[in-house]
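One structure is given below, encoded as structure tokens.
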Amino acid sequence: MGILLFIAAVILNLILLPVALIWGVVESFWQRGLGSALKRINKYFFDLAISLDQFGNVVCKELLNDALIKSSSPYKFGNPDETISSVLGKNKREGHLLKIGKAVDYTLDKLDENHSIKSIEQE
């Protein structure tokens, strides 16, 4: 059943996501003034980024667990309600990042100072 639901979700997303993305942006300008629309669009894309991050955490869990963190870490990738950054932050805090994990964390820190630590979700 999981495979069939996955296929259905992919098909629906391929059809609906482009339409919904355009709809969301256009609707923001239609309903509000420029300043308010830009704030709403920024929030919309921030929420999309979080969703993609959580999706990536699930899809890439095996790769991320093997490449970024020590096998002994209690904080594993794969929770659909958690971002990659949150898991990175927990592992950084506990000293469980491998070299490539440290490099990913360093890159995120260049974009947003202390990003992974600030991203830690409730445990």
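Derivation of every value follows stated rules applied to the coordinates shown; laboratory data play no part. Model, not experiment: these values are computed from the prediction. Glycine gets a Cβ as well: all are built from the backbone with ideal geometry, and neighbour counts include every protein chain shown.
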Applying the span-like rule to the chain (DSSP H, Cα extent along axis at least 15 Å, Kyte-Doolittle mean at least 1.6) gives 2-31
Quote the FRET efficiency, to the nearest 0.05, computed for Tyr106 versus Lys43 with a Förster distance R0 of 30 Å and r equal to the Cβ-Cβ distance. 0.60
Of Ser28, Phe45, Tyr106, which is farthest on the positive side of the dipole of the chain, counting Cα position, with +1 on Lys and Arg Cβ, -1 on Asp and Glu Cβ, and the Cα centre as origin? Tyr106
State the volume of the convex hull built on the alpha-carbon positions of the chain, expressed per residue in Å³ and rounded to an integer. 138 Å³
Using a Gaussian network model on the chain with a 10 Å cutoff between Cα atoms, which of Leu52, Leu98, Leu34 fluctuates the most? Leu34
Note down the magnitude of the dipole of the chain about its Cα centre, charges +1 on Lys and Arg C-beta and -1 on Asp and Glu C-beta and zero elsewhere, to the nearest 20 debye. 220 debye
Give me, ordered by chain and number, the residues 5 or more places off Ile69 or on other chains with an amide H under 5 Å from its own placed amide H. Leu98
Add +1 for every Lys or Arg and -1 for every Asp or Glu among the other residues with Cβ under 10 Å from the Cβ of Thr83, and state the total. -4
For Cα pairs less than 8 Å apart in space and 6+ apart in sequence, what is the mean separation divided by the residue count of the chain, i.e. the relative contact order in percent? 18 percent
